[in-house]
Amino acid sequence: MSAPAALAPGSTIGILGGGQLGRMTAMAAARLGYRCVVFAPEAHAIAADVAADWVQAAYDDAAALAGFARQVDVVTYEFENVPEAAVAECLRLKPVRPGVLPIRIAQHRLREKAFFRTLGIDTADYQPITDAAEIAAATALPGILKTCTEGYDGKGQVRVADRTALAAAWQTLGRRECILEALVDFACETSVIVARGLDGATRCFPIGRNDHRGGILRTTTVPSGLPAATQAAAERYGVALAEGLDLVGLVALELFVTRDGRVLANEMAPRPHNSGHWTIDACATSQFEQLVRAICGLPLGPVDVLTPSRMENLIGDEANDWPRYLADPAARLHLYGKAETRPGRKMGHVTFLRS
């Protein structure tokens, strides 16, 4: 059976989600001659500001989803919390890449950790916390209690030292289905972003060193300076994940590097990732162009580092410093066009190029 034909420039890409990742994907697609249509429920979708069209409707509006799918040639999603049913509804009419399985795995932390282990990807110790009996039997302590669904950027999680603190944290999180993850004595954090094409070819972006504060990524530095064996292990895990998901598109795998040299998976995101924003200015192919190439059936682009760099997120009112970044010849400023500044909200990023 022959492989699906590539979608030529002039075709239309549908993007589920209206945030900054969709915005940057639409910008990369336009440079290659593709149109984008955004589907998003919010009153102001910043991805729609740079797209050819916008369908504003709820994710459970089957008629609107069908109308959206009929307008496009392929569908992707820009964040992993799009409801699985919405993805499936689009799939009835058009190909959805990366597909339904990556959404199903990424939306549930227990499911995610179990999937990693089936692929031979190491993780920290973990266990489910769904009732008082599991709290009484908990051994992954000290640890971090996380809701299984809907948490991001440090939200929906509490650090706990013992079973008493665990019981209190579970109450605080609303007695929801949770996962308890043992604390990891890590030296640093990193991530691997892997593209996989329609033909099954894979390509890993160079690995950066990530710095998180308050559960939010603050900086990514490339090259990472990590040992070659560590980088090879990260890439091996990333490729195993992309292939295990039968993914067409991008997947990012966040990782801990422990003080004794092990590499442990934390979580995945089947879409462009914050830690890959440096690729726009400092890599031969950006992560957003690579996503467009993959889902449209084009050859994957080269991933050579053009220059060392450090990407810094602009959180909340940090974006008000934009004149300073514009005056810095080494800085490449990206503002997302969000109308409202809030503490903890990613308003943009700046990549500093280093010789």
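A few comments on the model shown:
- Residues in segment 69-83 that are out of contact with any strand residue (DSSP E or B) (no Cβ under 7 Å at 6 or more places or on another chain), over 15 Å from Ala58 (Cβ atoms) and assigned to a loop (DSSP other than H, G, I, E, B): Phe79 alone.
Table: residues versus (1) on the phi > 0 side of the Ramachandran plot; (2) touching a Ser or Thr at 6+ places or on another chain (Cβ under 8 Å); (3) surrounded by 15 or more Cβ atoms within 10 Å (Cβ to Cβ).
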{"position": "Leu180", "(1), (2), (3)": "no, no, yes"}
{"position": "Val184", "(1), (2), (3)": "no, yes, yes"}
{"position": "Ile193", "(1), (2), (3)": "no, yes, yes"}
{"position": "Ala201", "(1), (2), (3)": "no, no, no"}
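- Checking every residue in segment 238-254 against the condition of being over 17 Å from Ile105 (Cβ atoms), at pLDDT 95 or above, in the same structural domain as Ala201 (by TED's automatic domain parsing) and of a type outside the set (A, V, I, L, M, F, W, C) gives zero matches.
- Scanning segment 165-184 for residues that are more than 24 Å from the chain's Cα centre (by Cα) and either in the same structural domain as Asn266 (by TED's automatic domain parsing) or under 15 Å from Thr139 (Cβ atoms) (or both) yields a count of 3.
- Complete set of residues in segment 107-131 that are free of Cβ contacts under 8 Å to residues at least 40 places away in the same chain and touching a Pro at 6+ places or on another chain (Cβ under 7 Å): none
- Segment 213-240, subset free of Cβ contacts under 8 Å to residues at least 40 places away in the same chain and outside any helix (DSSP H, G or I), residue farthest from Ala282 (Cα to Cα): Arg213
- Pick from segment 110-162, criterion among the basic types (Lys, Arg) and out of contact with any Asp or Glu (no Cβ under 7 Å at 6 or more places or on another chain), ranking: surrounded by the most Cβ atoms within 10 Å (Cβ to Cβ): Lys113
- Subset of segment 274-319 that is in contact with a Gly (Cβ under 8 Å, 6 or more places away or on another chain) and without any contact (Cβ under 8 Å) to a residue 40 or more places away in the chain - its residue that is nearest to Pro343 (Cα to Cα): Gly316
The values are calculated or read from the model by the stated rules, or taken from the named source; none is laboratory data. Everything numeric here is computed off the predicted structure, so don't read it as measured data. Glycine also receives a Cβ, built like all others from the backbone with ideal geometry; neighbour counts cover every protein chain displayed.
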